[in-house]
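What follows draws every value from the coordinates through simple rules; no lab data is involved. Just so it is clear, the structure is predicted and the values come from calculations on it, not from any experiment. Cβ sites come from the backbone with ideal geometry, for glycine too, and all protein chains shown count toward neighbours.
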Amino acid sequence: MDERTLDAIIARHDAPAGRLLGILGEIQNQEGYVPRETLELLSEKLGVRLSQLYGLATFYSYFTLRPVGDHVITVCMGTACHVKGAVAILEALEGLLGIKSDVTDDGKLSVTTIDRKFTVEIARCFGACSMAPVLRIDGNLYGYATPEDLPVILGEYGWTP
Amino acid sequence: MIQQKIPGKPVTVTINGKKYRANEGEILLSVAIREKIEIPHLCFEASLDPYGACRLCMVEVVRKGKREMATSCTLRAADGLEVLTDTPEIEKHRSILFELYLAEAPKSDVIRDMAAHYGVTRTRFLKRIEQGDPLGNKCVLCGLCVRACSEIMGAGAINFINRGPYTVVNTPYYAPSRDCFGCGACVRVCPTNAIEMEDVGADRVMKSWSDTRVPLSQCECCGRYYAPRELSASVLARLDTPLKEEIARLCPECRGKQLAQNEILAGRGGRATHG
């Protein structure tokens, strides 16, 4: 993120309450993640310690510190989805995309394919339990998902076997 | 405000049936420590506001014949306050806490000894052991180091990272910190001796904080490295000139020697530079 864009974001958040989270949220929305250089620049500009910003960015699951792919796939791992076969969905995704998901040391599960087309994440609940198991790709929700549906769904986002 | 500058009016508090004098508003745990009444605690540090994080200093407050549990570090002395420190309820609560701490910081001798002192030698919980943990599996996440770094020193080099079971304390991105003075306040306040710091040659190495290196000042007399350079510079900026020049050059020991030497010389009618 360039300095001017960051300045514009900072200028939009002048109220002290919720300021840092507001700014971090906009950075996350625009870049898809929170780049290290941006966080360091923000720390200088606001006179807020980097440790505080880093603490916030790692605390909230809304922020990611690593770049994500063109399409973000979020698999719901809430209780209902888990019972209805979310694990099978996740495993099928791993197979199709050729990735291995693993919990990183920050406790988040987020894997990106080598070609940077897809990122697979998990969520704890979408609140769409009636359609379990659910997955979301770039904000579009897919309910009653089965591993067999996945190639078709992924095909909508340019996936080819 | 960290501590009350003006002591409150004298009050009498009752601890385990015995009466003690205290000042109104004084921290009950401080009263207990002063009166040598044993209450285990980890996260209490007199120079910081009480925080109530470790929950070990729980006592039972007797009020109108009823008892309720409270952390004695956040409890303030008031006239007629009555507490009990060793009821079966407290003992049970403590044992479970010690079991949890034994699982959270399995490598900490401090925790092990403290727990053993209260009769807890093993834990039923899964021990959290991580290979290569910069805090040596001794951290209980009480937050004293984080608070000392930012609230006392104003450095803010370290903070909590992540959340829930993945929470750790370290520098951002686990990279050497530019904000660290190398003052070692974190090392001093840590109740479980989890933080490692070592002076290696001309540098102080904060081993637990991603090997952050801070240059040290060298004594002109004996050549020993004795204090973080930047930290001494900021302290010196606030001192008078003659004192400043001396402290800037010499380590505390050499300065002591020089002072003594001057005193002796002055006694023999020699030269003295100190008033």
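For this structure, a couple of remarks:
- Isolated Cys in chain A, by beta carbon distance under 4.7 Å: A:Cys125, A:Cys129
- Its alpha carbons give the protein assembly as shown an Rg and a Dmax of 28.2, 100 Å.
- Computed per residue of chain A from DSSP H runs no shorter than four, each worth -39500 (n - 2.57), the mean residue ellipticity at 222 nm is -12000 deg cm²/dmol.
- The alpha carbons of segment B:91-179 occupy a box of 43, 28, 22 Å along the principal axes, longest dimension given first.
- Length-normalised contact order for chain B - Cα pairs under 8 Å, 6+ apart - percent: 11
- For chain A, the alpha carbon convex hull comes to 128 Å³ per residue, rounded to a whole number.
- Isotropically averaged projected area of segment A:3-59, using the convex hull of Cα atoms (one quarter of hull area), nm²: 3.5
- Taking segment B:10-86 and dividing mean pair separation by its residue count, relative contact order in percent (alpha carbons under 8 Å, at least six apart): 41
- Of every Cα-Cα pair in segment B:3-86, the percent that sits beyond 21 Å: 22
- Helical content alone sets the calculated 222 nm signal of chain B at -8000 deg cm²/dmol, taking -39,500 (n - 2.57) per DSSP H segment of four or more residues and averaging over every residue.
- Above-threshold pairs, the threshold being 32 Å between Cα atoms, out of B:Lys36/B:Lys92; B:Lys36/B:Lys138; A:Lys84/A:Lys108; B:Lys92/B:Lys207; A:Lys108/B:Lys138: B:Lys92/B:Lys207
- In sequence order, calculated HN-Hα J values of segment B:231-239 (Karplus, 6.51, -1.76, 1.60; Hz; x Gly/Pro): 5, 5, 4, 6, 6, 4, 4, 9, 9
- Amide H within-cut-off set for B:Asn159, under 5 Å, with H built and near neighbours excluded: B:Asn170
- Multiplying each eigenvalue of the alpha-carbon gyration tensor of segment B:3-156 by 5 and taking the square root yields semi-axes of 30, 21, 11 Å, largest first, rounded to whole angstroms.
- Just checking the listed ones, B:Pro50, B:Pro252, B:Pro106: in the Gaussian network model of chain B with Cα springs under 10 Å, the one fluctuating most is B:Pro252.
- Global form of chain B, assessed from the alpha-carbon gyration tensor, a/c cut-off 1.5: oblate
- Debye log10 I(q)/I(0) for segment B:225-267, one point scatterer per Cα, at q = 0.15, 0.22, 0.27, 0.33 Å⁻¹: -0.41, -0.76, -0.96, -1.14
- For segment A:104-161: rounded, prolate or oblate by the Cα gyration tensor [a/c cutoff 1.5]: oblate
- Eligible aspartates and glutamates near B:Lys19 by straight Cα distance, threshold 13 Å, same-chain separation 8 or greater: B:Glu35, B:Asp79, B:Glu82
- GNM result for chain B, Cα springs below 10 Å: residue of B:Val235, B:Val110, B:Val200 fluctuating most strongly: B:Val235
- Taking all Cα pairs closer than 8 Å and separated by 6 or more residues, the relative contact order of chain A comes to 20 percent.
- Once the convex hull of all Cα atoms in segment B:117-261 is built, its volume per residue stands at 156 Å³.
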